[in-house]
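Notes follow the structure.
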Amino acid sequence: MREPRIEHLAFKTGDAPGILTVRRAGEARRQRPGKTYLEPAREVAVYAETDVLVVGGGPAGCAAGVGAARLGADVILLERYGYLGGLSTGGLVIWIDRMTDWDGQQVIAGFARDILDRLPREAVSGAPARDWGSKDPELNAYWRQRLGSFRDTVTWSPVIDPEWLKIESLRVVGELGVTPVLHALGAWPIVEDGQVRGVVFESKEGRQAIYARVVVDATGDGDMFARAQAKFHTDTDEKSMHHSINVAWLWAGVDMDRWIAFRVQRAEEFAAIMERGRATLGEVDRPYVSWRNDVALFLGPRLTGYSAIDVGDLTEVEVESRRWMLDLLNFYRANMPGFGDAWIMETAPQIGVRHSRRLTGVQPVVREEWQSGVVYPDEIGVSPSLSPTFPSVSVPFGSLVPVELDGLLAPGRHVASDAVSHTFLREIPQCWLTGQAAGVAAALSINAGLPPRHVDVDALQRELVKQGVYLRRRTDGRDLRRAKPMGRNRPPAAGRHHPAPA
């Protein structure tokens with residue numbers, strides 16, 4: 001493979017100041033020969049049979065496994081890496097985005113609250129609950145530098161230690177009897193008569209199969225539903241960075257308080273250093289605070305023009321991101337207060353993907369509806385909105401259900417939505433939200449002997465509320481939990497905290 005050429009230039013997408021994206025200028029790549037190989041037919045050993053098979057142990061997959069197991073379902077959780085948590089652990093997306101609305105109420109709760117409350121105090125940094133929703137300028141000035149303020153409102157959006165999240169994710173599924181199968185990649189769905197019956201996976205033992213009464217595709221890229229021929233969308237919002245890919249990393253040996261003080265108190269000098277960096281490197285990425293003052297988080301260059309389901313593209317992103325990291329490390333050591341002794345602690349073992357496929361679902365989340373305040377009768381959760389101008393966003397059960405394919409639910413990053421709504425539905429808390437709902441729905445459908453699409457929404461919502469999920473009433477006052485089951489052809493339509501300022 002010849003040397004790729006990347007322009008380190010700011011990609012004008014309308015992103016917030018300080019968020020770096022770069023665009024691909026073009027590269028030479030080994031040509032694929034266009035030949036095929038006819039793989040011989042063979043029998044595949046059945047590894048297990050289960051009630052619910054969750055494919056993917058990221059945020060959505062962990063929440064799905066827990067949601068189903070709490071209702072007594074036999075659950076297998078299939079994960080390609082040796083840990084759980086997905087992008088929130090292996091991807092080093094350790095800044096957990098907003099879970100509070102504009103009044104400070106935690107609207108993404110349930111599993112999200114449960115898993116974060118399990119972490120030890122020293123593994124979580126974020127605003128205390130008493131300050132959520134505060135408009136106080138001093139508090140917001142403090143938390144703005146620590147990822148806890150958005151649009152001049154203090155939020156619950158903590159930064160966590162990824163290793164502790166790995167530990168507690170394994171513990172919580174183990175306590176509920178979920179069977180994790182690690183180092184196992186879901187390869188192909190088993191489909192019979194339009195219904196997913198299980199999955200073939202690959203591991204060091206070769207190809208094996210798991211049969212299940214319901215499959216939850218929590219791969220993030222929709223690998224199972226796409227290979228089962230379910231419809232999906234790939235368009236992106238070009239005004240957002242959510243179509244970019246990156247590799248994150250952590251530097252240790254830093255002093256983030258010193259760096260923040262320099263950036264705020266000596267703004268002109270800071271700006272001059274950044275300008276020198278742009279002249280030398282093309283652009284300079286900025287660090288985020290982590291759960292510790294001596295560890296800095298970089299989400300890496302947001303590389304655009306790549307596909308998250310193209311192996312050549314994924315390879316180039318990995319290679320280029322590490323080149324960029326070394327250049328940036330040398331620059332920060334030489335120029336930035338607080339970074340003179342910085343060293344590379346870790347690069348993410350899991351690539352940071354924001355978008356690849358989105359399910360074509362029975363009821364996608366669409367911008368026009370949440371902007372007007374629609375509350376779906378099959379609401380399974382509530383997401384904070386992007387601006388105080390808009391009400392919180394209702395997430396319907398139909399966003400997890402393929403239009404035609406049975407036996408499968410699809411929570412997480414590939415949930416059914418339009419491209420604009422995907423920019424926030426892809427975040428870690430929203431994946432916890434949709435994953436928990438999928439797990440509960442899978443277990444209820446098995447208990448009732450019905451396909452997942454026909455689950456009793458009344459029972460689903462009652463169980464979600466029982467598991468701590470925040471739901472609302474319809475604007476006409478009718479109790480959401482009286483909603484009817486959904487038919488096949490329905491048309492689309494308190495954690496711990498960082499010390500607060502004195």
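The values are calculated or read from the model by the stated rules, or taken from the named source; none is laboratory data. The structure displayed is predicted, hence computed values, not measured ones. All Cβ positions, even for glycine, are placed from backbone atoms using ideal geometry, and neighbour counts span all protein chains on display. Ligands, DNA and RNA are stripped out before the accessible areas are found, and what is left, the full protein with its side chains, is counted by its heavy atoms. Shrake-Rupley method; radii C 1.70, N 1.55, O 1.52, S 1.80 Å.
Data overview
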| read-out | value |
| --- | --- |
| Proximal charge balance of Arg367 [Cβ under 14 Å; K/R count +1, D/E count -1] | -3 |
| Inter-site label distance for Asp327 and Ile309 at 7 Å from Cα along Cβ, in nm | 3.1 |
| Two-site label geometry, Ala129 and Thr347: point separation in nm, points 7 Å out along Cα→Cβ | 4.1 |
| With every protein chain in place, the range 381-464: carbon and sulfur % of accessible area (1.4 Å) | 55 |
| Within the chain: Cβ-based charge dipole about Cα centre, in debye rounded to nearest 20 (Lys, Arg +1; Asp, Glu -1) | 400 |
| Dipole-positive endmost among Pro162, Gln195, Ala218 within the range 130-226 (Cβ charges, Cα centre) | Pro162 |
| In Å², nearest 10: area of Leu326 left accessible to a 1.4 Å probe | 90 |
| Accessible surface, per residue, of the chain when the full set of protein chains is kept, probe 1.4 Å, Å² | 41 |
| Counted charge near Val420, where neighbours are those whose Cβ lies closer than 13 Å (Asp, Glu -1; Lys, Arg +1) | -2 |
| Pairs of lysine residues in the chain - Cα separation under 29 Å, sequence separation of 8 or more or cross-chain | 9 |
| Net charge over other residues, Cβ less than 13 angstrom from the Cβ of Asp114 (K, R count +1; D, E count -1) | +2 |
| Modelled FRET efficiency - R0 25 Å, Arg144 with Glu269, Cβ distances, 0.05 increments | 0.80 |
| Rounded accessible area of His422 (nearest 10 Å², 1.4 Å probe) | 0 |
| Of Leu386, Trp143, Ala348, farthest towards positive along the dipole that unit charges on Lys, Arg, Asp, Glu beta carbons give the chain | Leu386 |
| Debye, to nearest 20: dipole size of the range 226-372, +1 on Lys, Arg Cβ, -1 on Asp, Glu Cβ | 220 |
| Overall dimensions of the chain as given by Cα atoms, namely Rg and Dmax in Å | 22.5, 70 |
| Rounded FRET efficiency, nearest 0.05, which uses the C-beta distance separating Arg258 from Val46 and R0 of 60 Å | 0.55 |
| The range 156-197 - charge dipole about Cα centre, Lys and Arg +1 at Cβ, Asp and Glu -1, debye rounded to 20 | 40 |
| Selected from Ala184, Leu329, Leu314, residue furthest toward positive end of dipole (the chain; charges at beta carbon) | Leu314 |
| Distance in nm between pseudo-label sites at Arg207 and Leu281 (7 Å out along the Cβ direction from Cα) | 4.5 |
| Accessible-area ranking of Trp343, Trp95, largest first, probe 1.4 Å | Trp343, Trp95 |
